[in-house]
Every structure is written in C-alpha cells, then in structure tokens.
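> Submitted below is the structure of interest, expressed as structure tokens.
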C-alpha cells in the first residue's frame, strides 16, 4: 500500500503542499484503497460512488469530510495515475453555518479565567491579531516588531506572507515574558525545542472557556472570527480586515457581516417605518383587554 502511494507523496512534495495536506491526502487514499481492495487499474467510478455512500451512511461523515475524501482521491487518480474515476460525481453540499463569535464580555471572561501567562498570551494573540491556530503556534519571535506593534506571518495559508497587527497589551506582556523565560527559543510558544501543537492550543482555549462558564462552543477559530466581527463593528473597512486575515477572496471575509450584531441593529424594521400612531395603540390595548 505504501509503495502504491509513494508517487502521490512525491507529487505532493514537488508541488509544495504542506505536511498537513500531504498526510491527509495519503490517509484518505489509503483508506479508499483498503475499502475497494482492487489494483488501481481496475478501480472505476462506481467503486468511488460505493465508497462515498459508505462514508455518508455507515461512517456518518459530514459533507465537508466527504468532500475532502473526494478531492484527495481525485488528485491521486487524475494527477498521478492519469485516470479519471470521478466522472460526473456530485459532491454533497456543505452546510453553511454562521461563524461562532464571542461577545466582548465573553472575551474578557475568557482572559480572566486564564491565569497561566503563556496560555493567556496565546488567547490574546489569537483574538487581537486574528491568527489561525497553525500560524499562532508556529510564530517566531524574530517575525515580530515589538516597537511598531506589527508582525509578519511567513508562508501562511497558500504559502503567502502577510503583515499582522499586535495589541499593545499583548506586546507589553510578551516583553515581560521573553525577559523572564528560562529557556530561549525562536518560537513564542515553545516546548522541548519545538513549538506547541495545534491540539494543545485548542485544548487551552476550550478549557479556559469552560472555566469562564461560556456556554458557546469555543475553539481557536472562534477567536479569529471574533477579531474580524469586532473590527467590523468598530467600522474597520472590510478590505482591511480581508488583508489582516489573509483571505484571497473578499467573499470569505463577508461571512462576518452576517454575524455582526451592530450592523444588524442599524437596520430599521419596515413596521417601525409605519410609525404606529397613539390612536392605533389605544385601539390595540383595547383589543388586548
């Protein structure tokens, strides 16, 4: 099995795919080949359809996970084996859920519930700079300008560099931490010579939210969503937010306009435009009695 997927790994590395994507594509294709139990030359479109049905009905995977499997398998067969087994297969529609956004009070509670300095720094960074969790744990001290309160994300999503803003409060705490930490490292969030894992970061945020008594499902990306929405509420131009988040398409950033309470509160209901008169209100009160 490993030999059969060796060419896939080579192709992914040549094209510069990240290690996370590489491992995901290899795993998805290995599970598919384990399921069909056929040589790749004998695999057809119906085999893929049977597998997708298996993922949806037996394993009960969500549409996003099924689509990832289809994309991974399609890449291997089309780009590496030069064989099209996807045909006219329609990918399941992905649910369009609104981003989870914390209120200012919830962010404050989250920080107050986090007593450990490094853990609090992580939460402050995710919220105040709008970073992806992978960007936060990989962030190096040398990529920060603590005088200008700016930073640079190197080779972020899509292998793109971008500038980020740093909170003055975060910078102040970070300086004190860097001066007092015992072991020097190029990473802000270091552990045994390497950086924290994304899983560790997720657990820190989740546990802090539980201690704070926040009922919402809180994870690292919720802090990034809160950063974008709160900037939008404050009147920041959406194209500036797009740049700070590193979105290639403005439509991705526009998702946050759907959860901005301040923007929605500015909308006047058409019923209010009618301006119900005092006389009508008296009539209504009589009906209610």
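Since every read-out is calculated from the coordinates, none of them should be taken as a lab result. In this text the structure is predicted, and so the values were computed from the model without any measurement. Positions of Cβ are generated from backbone atoms using ideal geometry, with glycine treated the same way; all protein chains shown enter the neighbour counts.
> Using the Cα gyration tensor of segment 104-265, with a ≥ b ≥ c the square roots of its eigenvalues, what is the shape: rounded (a/c below 1.5), prolate (a/b larger than b/c) or oblate (neither)?
Details: a/c = 1.74, a/b = 1.26, b/c = 1.38.
Because a/c hits 1.5 or more and a/b fails to exceed b/c, segment 104-265 counts as oblate.
> Given the rule -39500 (n - 2.57) for each run of at least 4 DSSP H residues, summed and divided by the residues of the chain, what is its mean residue ellipticity at 222 nm, to the nearest 500 deg cm²/dmol?
Values: 15 runs with 153 residues, N = 289.
Mean residue ellipticity, 222 nm, calculated: -15500 deg cm²/dmol.
> Estimate the FRET efficiency between residue 192 and residue 146 by the formula 1/(1 + (r/R0)^6), using the beta-carbon distance for r and 22 Å for R0, to the nearest 0.05. Don't jump to the answer; show the numbers that get you there.
Numbers: r = 25 Å, r/R0 = 1.14.
Computed FRET efficiency for residue 192 and residue 146 comes out at 0.30.
> Which whole-number percent is the relative contact order of the chain (Cα, under 8 Å, 6+ apart)?
Relative contact order comes out at 17 percent.
> Could you work out how much longer the chain between residue 250 and residue 20 gets when fully extended? Use 0.36 nm per residue separation minus the Cα distance between them, nm to one decimal. Kindly include the intermediate steps, with their values, before the conclusion.
Values: separation 230, 0.36 × 230 = 82.80 nm, distance 2.52 nm.
The span from residue 250 to residue 20 would gain 80.3 nm if fully extended.
> Quote the FRET efficiency, to the nearest 0.05, computed for residue 173 versus residue 53 with a Förster distance R0 of 45 Å and r equal to the Cβ-Cβ distance.
0.30
> Here is a follow-up. Given [x] 24.7, 83; [y] 20.4, 70; [z] 19.6, 66, which label gives Rg and Dmax of the Cα atoms in Å as computed from the coordinates?
From the options [x] 24.7, 83; [y] 20.4, 70; [z] 19.6, 66, the structure gives [x].
> In percent, how large is the relative contact order of segment 104-265, given Cα pairs closer than 8 Å and 6 or more residues apart?
On the way: 185 pairs, mean separation 44.5, N = 162.
Reported as a whole number, the value is 27 percent.
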